[in-house]
Amino acid sequence: MKPNGIPPALLEKYLSGECTDAEKAIVEAWYASLQGEPRYLDHLPDAEQEEIRHAAFGNIRQELNMVEERPVKRLPWHWLAGIAASILVALGIFLAGNLKTVRLPEVTIKGLGTDPSKALPVTTFKNTGRQIVRHQLPDGSVVSMHPNAVIEYHTAFATNKRFVIFSGEGFFDVKKDKTRPFNIKSGEMIIRVLGTSFNVKAIESQKKFQVDVVTGSVQVTAAGETFDRQEVILKPQQQALFELDSKRLISKTSPLQAKKEIYEPVTIVFEETPLNKVIEQLEKRFNVSISLANPALARCGLTANFESQAFPGILEILCTSLEVSYTISDNNIIINGEPCE
């Protein structure tokens, strides 16, 4: 028997974590009915089966090739075939449109979550490139991830909390939601917020984790050497340091520096300014070192008004305007491209 249909808008809300409890119950009941017919495609004529498979995977390929560095999803065949076919038959060709909810260069689906009430896959994203990548989470929060940073989370957050596992360095701009605290686990350190912006540096090889708050407040906890719970509350311009060997968690005021960290916003204006002069201004404002792979790029002119922008955003607009690219290692940036005419 053919399963009952379900409105596409409701399924999209479920996939993005925006459903009410009642709506979730409807979607999960519908999905259970689909699972009750795991060989649903076999009920269709051969020509229709082939048409559905061709359309589903054709649309997936089209979505993956539309934009540079689109997501790569590795899904078990039986899961993808069953879900894709069921959604296509019940809703029309709807699956491809939902691929747009993940805007990442490399994403893999690892398996189902541990909470049986959710039964949602886990997304793991690693920034394998050499640029800072803006990664959007299911609730609309954004993480600007440095190369080699890794984040893991359920494809839709729970109704009472938001939880991610993170390693590496990244700047979190968390969407406010008083009903769902945002929790980040980095090794033995837990960061808890409601809505704020802060930088996390959790690189195992450096033996020290660091959290720096830009806006709002952040709670950082960690287990001590004797497994006692340590906790600090951070306000803007404060930082927490967690030493991996001694298990010591401390907080302090961020040290005053002549130059800003790359995640701190500045306001700066350029009017047909040669790129070499732009670089001089940026190096004066931020704790970075910028070089040109092609010295002839220095003559390119930039006109832009950056208001309360952090360095990654400025660099992204600069590269787009001048049709160049960049690579970053620690705070060293190399700009690559052809000279301007």
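The values are calculated or read from the model by the stated rules, or taken from the named source; none is laboratory data. Small disclaimer: the values here were computed from a predicted structure and weren't measured. Counting neighbours? That spans all protein chains shown, and the Cβs are built from the backbone with ideal geometry, glycine included.
One table, with the values for the structure above:
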{"quantity": "Some residue of the stretch 200-208 being touching a Ser or Thr at 6+ places or on another chain (Cβ under 6 Å) and either farther than 20 Å from Phe163 by Cα or buried (at least 20 other Cβ atoms within 10 Å of the Cβ) (or both)", "calculated": "yes"}
{"quantity": "Near pairs, Cβ below 9 angstrom, 6+ apart or cross-chain, from the stretch 248-263 (more than 23 Å from Asp173 (Cβ to Cβ)) to any residue that is outside any loop (DSSP other than H, G, I, E, B) and acidic (Asp, Glu)", "calculated": "Leu249/Glu231; Leu249/Glu243; Ile250/Glu243"}
{"quantity": "Per-region count, the stretch 288-315, residues within 20 Å of Ala149 (Cα to Cα), free of Cβ contacts under 8 Å to residues at least 60 places away in the same chain and not hydrophobic (A, V, I, L, M, F, W, C)", "calculated": "1"}
{"quantity": "Scope the stretch 284-311; condition among the hydroxyl-bearing types (Ser, Thr, Tyr) and on the phi < 0 side of the Ramachandran plot; matching residues", "calculated": "Ser289, Ser291, Thr303"}
{"quantity": "Residue satisfying all of: in the stretch 143-175; surrounded by fewer than 17 Cβ atoms within 10 Å (Cβ to Cβ) and aliphatic (A, V, I, L, M); modelled with the lowest pLDDT among these", "calculated": "Ala158"}
{"quantity": "So Ile250, is it closer than 30 Å to Ile191 by Cα, modelled with pLDDT of 90 or more and under 24 Å from the mean Cα position of the chain (by Cα)", "calculated": "no"}
{"quantity": "Asn160, sole failed condition from (1) in a strand (DSSP E or B); (2) more than 20 Å from the chain's Cα centre (by Cα)", "calculated": "(1)"}
